[in-house]
Structures are given as structure tokens and as C-alpha cells.
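What follows draws every value from the coordinates through simple rules; no lab data is involved. Fair warning: this is a prediction, and the values are worked out from it, not measured in the lab. Cβ placement follows ideal geometry from the backbone for every residue including glycine, while neighbour counts extend to all protein chains displayed.
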Amino acid sequence: MLVTHHDAILESTTKLSQCRWVKKTIHSKRSVFLFTRLVELRREAGLTQRELAAKLGREQAMIARIESGERRVDVLEFYTLLTILCADPEKEMLGLFKALAAMSSED
């Protein structure tokens, strides 16, 4: 039987979902920390959600979903947001990782 790339991905995803250490994080304390920091940075930059969305070429609702924790942000989006918000991406990532490491892994 021919195993496709898609089949391999499904198999690995199934195995990962069975591991105890793989948890959903979208509503975790760590996730709350991340989107709270994004809200702080947006406010420090003096931007509204609508203005930030316009700079991204996206709708305001997307920013609202990110800031409320309803939508995840990948690392590239996070970098773009930091850049638009005139924040130092390296400093923010280091601060984020330090804060996350200090938090209990048990949410």
C-alpha cells in the first residue's frame, strides 16, 4: 500500500495527540500572558485595534480575536505584530520566554 505524505502527517498527529504532554494551550495562563502583552504593546504604541488591523491589512475583528485569546498567533505573525508595534522583537521574545519558563507548566 502506498503511504502518502498526508497519511504520514495524520499518523504522526494521532500519535502526538495520545501523548500526555501535548495539551491545548489556547486558554492557558501562558496564552493569556501572551495576548495581554500584545494588548499592552498596542496601547503603548497608541494604536486602536482598527488602526493595527489596517497596518496589517486585516480586519479589526482578527485583532479582537487575538486579544481575547480566541485566535492563536504563530511566531511569524507575532514577529510582524511586534515590528508594527515598534517593539524590539528580540527583547519581547526573550521576556516572553523568561516569563513562560517562570510559570508552572500546569495551567
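Given L52, L47, which one is more than 25 Å from A101 (Cα to Cα), assigned to a loop (DSSP other than H, G, I, E, B) and either of a type in the set (V, I, T) or touching a residue at least 24 places away in the same chain (Cβ under 8 Å) (or both)?
Details: L52 fails: assigned to a loop (DSSP other than H, G, I, E, B).
Being more than 25 Å from A101 (Cα to Cα), assigned to a loop (DSSP other than H, G, I, E, B) and either of a type in the set (V, I, T) or touching a residue at least 24 places away in the same chain (Cβ under 8 Å) (or both) holds for just one of L52, L47, which is L47.
Among the conditions (1) surrounded by fewer than 16 Cβ atoms within 10 Å (Cβ to Cβ); (2) closer than 21 Å to M103 by Cα, the only one that E59 does not satisfy is (2).
Considering only residues that are in a helix (DSSP H, G or I) and either farther than 15 Å from R30 by Cα or aromatic (F, W, Y) (or both), which ones fall in the stretch 76-96? Steps first, answer last, please.
We begin by selecting, within the stretch 76-96, every residue in a helix (DSSP H, G or I); these are 76-84, 89-96.
Result: L76, E77, F78, Y79, T80, L81, L82, T83, I84, P89, E90, K91.
For the stretch 55-75, the set of residues classified as outside any helix (DSSP H, G or I) and within 16 Å of the chain's Cα centre (by Cα) consists of S68, G69, E70, R71, R72, V73, D74, listed by residue number.
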